[in-house]
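Encoded as structure tokens, the structure appears first; notes follow it.
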Amino acid sequence: MAKTFVVHIEKLIHGGDGLARLPDGQVVFVPVTIPGEKVEIEIEQQLGDYALARVSRIIEPSPQRVTPPCEYFPTCGGCQLQHLLYEAQVKEKLLIFKETLARVGGISEELVEDCEPSPRALGYRHRLRFHVHHETGALGFLRRRSHKLVPIRHCLLATAEINQVLERLPEIPAWKRLHPYVTRVNLGTSLVEGKVTMLFWTRVPARAEDLEEILEALPVLKAIYYWVRGREPVGPFPKDAPHRGRRLFPVPQEVSGLGRETLFYALPGVFVQANWEINLRLISYVREIARPSGEEEVLDLHCGMGNFLLPLGTKAFGGLGVDTDHRAIGDARYNLKAWGLKNLRVEVMSALEALMELFKNAETFPVVLLDPPRGGCKELIRFLPDIATDRLVYVSCDPPTLARDLRLLRERGFEIESIRAFDMFPQTYHLESATLLVRK
């Protein structure tokens, strides 16, 4: 029989769980709780000096507690905070962010300006990646603290177009023939057209007639690609899909800096921030802090399809973007042409290779932009003092690795001027941020 205890939740931690202490002082992590609550818990796992538990009864609920709107919460591991009022989510995430930076990086909370809330707490995700339930063909997410799949037919975080696919795809005969061989599915909405591109990973090639049947049954689909192996997926289907099935994203003139609204284009599978409204605010903030005079050259070490580089480069004397994803660089070149920018260039190259090449050639940039994956960019830091002569902008999706890297950058002569958080992922513990560092 599981051991039960009555505990008080002290705070939320990175990951979204509540932290409490057992009578002997041992730390216990409890999901779906809120600071200040008194709850009865059952211990599920003992892991060294801490334990994992679940709530069996809420004795004293927080006034910030709400009824989760999703029928799959909290079984589905996609969300962690649906039980918390959205305004309270933003405040708690900011507290976690500040505490993580202070504990891991020794960074003063006063340097963190604020957390920009999302205009929409639901329905904001224009792209999602799913696992496939091999018995039913339904798409889904992994169960919390498990590798078991939770099949879903509706996701409250997704656009209406993606939910049309989630609802109808499992019933299509062609998909029933295909899904036993499919491992993952990526669905992305083209925000300008209101259409979905579909990319799936399969162990065997798909028959063209099956893909045509899916396209006919789901008019909301713009194009389908599939990946068996190699550098490129097979597609698009249909072959005459506009822009080869690329998704289209609107960029207002005040964000683009071009004096007119323009578009970003992205192939399915190429990384694009999942919350477009917050992404536009993040781009505007990066433009504001990176180039005060509008004339600085820019080096973007993780440029992708040009999300930051193009808005930064509209008035720059020149600029360089690099990325290891050759499909993303293909999109960046496509976007550069669409935006009419001739003073920027992009190359398929790792950030480390680019810095080593620049170091050998004694080349420098007044503005360097970092937007690394979740693991951060520890391996790049020793080169940056020789390349970044003025400003360094670090966009991060992982507070612990950000705190580690900021500590290392400060040791190498950079000073933190400002940090701002952006709630890119409401209902989850995830957070985006942008940090401005200057050379001392």
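Out of everything in segment 22-45 that is more than 31 Å from the chain's Cα centre (by Cα) and not β-branched (Val, Ile, Thr), what residue ends up being nearest to residue 87 (Cα to Cα)?
38
Being in contact with a helix residue (DSSP H, G or I) (Cβ under 8 Å, 6 or more places away or on another chain) and either closer than 13 Å to residue 74 by Cα or touching a residue at least 24 places away in the same chain (Cβ under 8 Å) (or both) is the filter here; which residues of segment 136-153 pass it?
136, 137, 138, 139, 152
In segment 47-65, which residue that is part of a strand (DSSP E or B) and over 31 Å from the mean Cα position of the chain (by Cα) is nearest to residue 144 (Cα to Cα)?
The qualifying residue nearest to residue 144 (Cα to Cα) is 56.
Given the structure, is residue 126 within 19 Å of residue 30 (Cβ to Cβ) and of a type outside the set (A, V, I, L, M)?
The answer is no for residue 126.
Among (1) touching a strand residue (DSSP E or B) at 6+ places or on another chain (Cβ under 6 Å); (2) more than 21 Å from residue 228 (Cα to Cα); (3) modelled with pLDDT of 95 or more, which single condition is residue 143 missing?
(3)
Would you tally the residues in segment 165-224 being polar (S, T, N, Q) and either free of Cβ contacts under 8 Å to residues at least 24 places away in the same chain or crowded, with 22+ Cβ neighbours inside 10 Å (or both)?
Final tally of qualifying residues: 3.
Can you tell me which residue in segment 382-440 is surrounded by the fewest Cβ atoms within 10 Å (Cβ to Cβ), limited to those that are among the basic types (Lys, Arg) and closer than 30 Å to residue 86 by Cβ?
Looking at the filtered set, the residue picked out is 404.
Right, residue 302: assigned to a loop (DSSP other than H, G, I, E, B) and crowded, with 18+ Cβ neighbours inside 10 Å or not?
yes
Can you pull out every residue in segment 228-247 that is among the hydrophobic types (A, V, I, L, M, F, W, C) and surrounded by fewer than 19 Cβ atoms within 10 Å (Cβ to Cβ)?
Across segment 228-247, the qualifying residues are 228, 234.
Yes or no, residue by residue, for (1) among the aromatic types (Phe, Trp, Tyr); (2) over 28 Å from residue 403 (Cα atoms); (3) in contact with a strand residue (DSSP E or B) (Cβ under 9 Å, 6 or more places away or on another chain):
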| site | (1), (2), (3) |
| --- | --- |
| 47 | no, no, no |
| 57 | no, yes, yes |
| 61 | no, yes, yes |
| 72 | yes, yes, yes |
| 85 | no, no, yes |
| 91 | no, no, yes |
| 116 | no, no, yes |
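With the condition kept exactly as written, say whether any residue in segment 20-34 is part of a strand (DSSP E or B), surrounded by fewer than 18 Cβ atoms within 10 Å (Cβ to Cβ) and not charged (D, E, K, R).
Looking for residues that are part of a strand (DSSP E or B), surrounded by fewer than 18 Cβ atoms within 10 Å (Cβ to Cβ) and not charged (D, E, K, R), one finds at least one in segment 20-34, hence yes.
State whether one or more residues within segment 319-333 are among the acidic types (Asp, Glu), surrounded by 15 or more Cβ atoms within 10 Å (Cβ to Cβ) and not in a helix (DSSP H, G or I).
yes
Before we move on, is residue 410 part of a strand (DSSP E or B) and either under 19 Å from residue 303 (Cβ atoms) or not assigned by TED's automatic domain parsing to the domain that holds residue 15 (or both)?
Judged against the criteria, residue 410 is not a match.
Please enumerate the residues belonging to segment 183-212 that are over 20 Å from residue 270 (Cβ atoms) and aliphatic (A, V, I, L, M).
Across segment 183-212, the qualifying residues are 204, 206, 208, 211.
Name, by its number, the condition in (1) closer than 30 Å to residue 231 by Cα; (2) touching a residue at least 12 places away in the same chain (Cβ under 8 Å) that does not hold for residue 393.
(1)
Since residue 283 meets every condition but one in (1) touching a residue at least 40 places away in the same chain (Cβ under 8 Å); (2) crowded, with 18+ Cβ neighbours inside 10 Å; (3) within 18 Å of the chain's Cα centre (by Cα), which condition does it not meet?
Of everything listed in (1) touching a residue at least 40 places away in the same chain (Cβ under 8 Å); (2) crowded, with 18+ Cβ neighbours inside 10 Å; (3) within 18 Å of the chain's Cα centre (by Cα), residue 283 misses just condition (1).
Give the residues of segment 138-154 that are in contact with a Pro (Cβ under 7 Å, 6 or more places away or on another chain) and over 11 Å from residue 166 (Cβ atoms), sorted by residue number.
The one that is in contact with a Pro (Cβ under 7 Å, 6 or more places away or on another chain) and over 11 Å from residue 166 (Cβ atoms): 144.
Taking the stated definitions as given, is residue 358 touching a Phe, Trp or Tyr at 6+ places or on another chain (Cβ under 6 Å), in the same structural domain as residue 256 (by TED's automatic domain parsing) and either of a type outside the set (Phe, Trp, Tyr) or at pLDDT 95 or above (or both)?
So residue 358 fails the test.
Sort out which residues of segment 369-390 are of a type outside the set (A, V, I, L, M), touching a Phe, Trp or Tyr at 6+ places or on another chain (Cβ under 8 Å), touching a residue at least 40 places away in the same chain (Cβ under 8 Å) and not in a loop (DSSP other than H, G, I, E, B), and write them in order of number.
385, 389
What is the number of the single condition among (1) within 21 Å of the chain's Cα centre (by Cα); (2) crowded, with 20+ Cβ neighbours inside 10 Å; (3) of a type outside the set (D, E, K, R); (4) more than 15 Å from residue 369 (Cα to Cα) that residue 271 does not meet?
Tallying (1) within 21 Å of the chain's Cα centre (by Cα); (2) crowded, with 20+ Cβ neighbours inside 10 Å; (3) of a type outside the set (D, E, K, R); (4) more than 15 Å from residue 369 (Cα to Cα), residue 271 fails exactly one: (2).
The values are calculated or read from the model by the stated rules, or taken from the named source; none is laboratory data. Only a predicted model underlies this, so the values are computations on that prediction, with no experimental measurement involved. We place every Cβ from the backbone using ideal geometry, glycine too, and count neighbours over all the protein chains shown.
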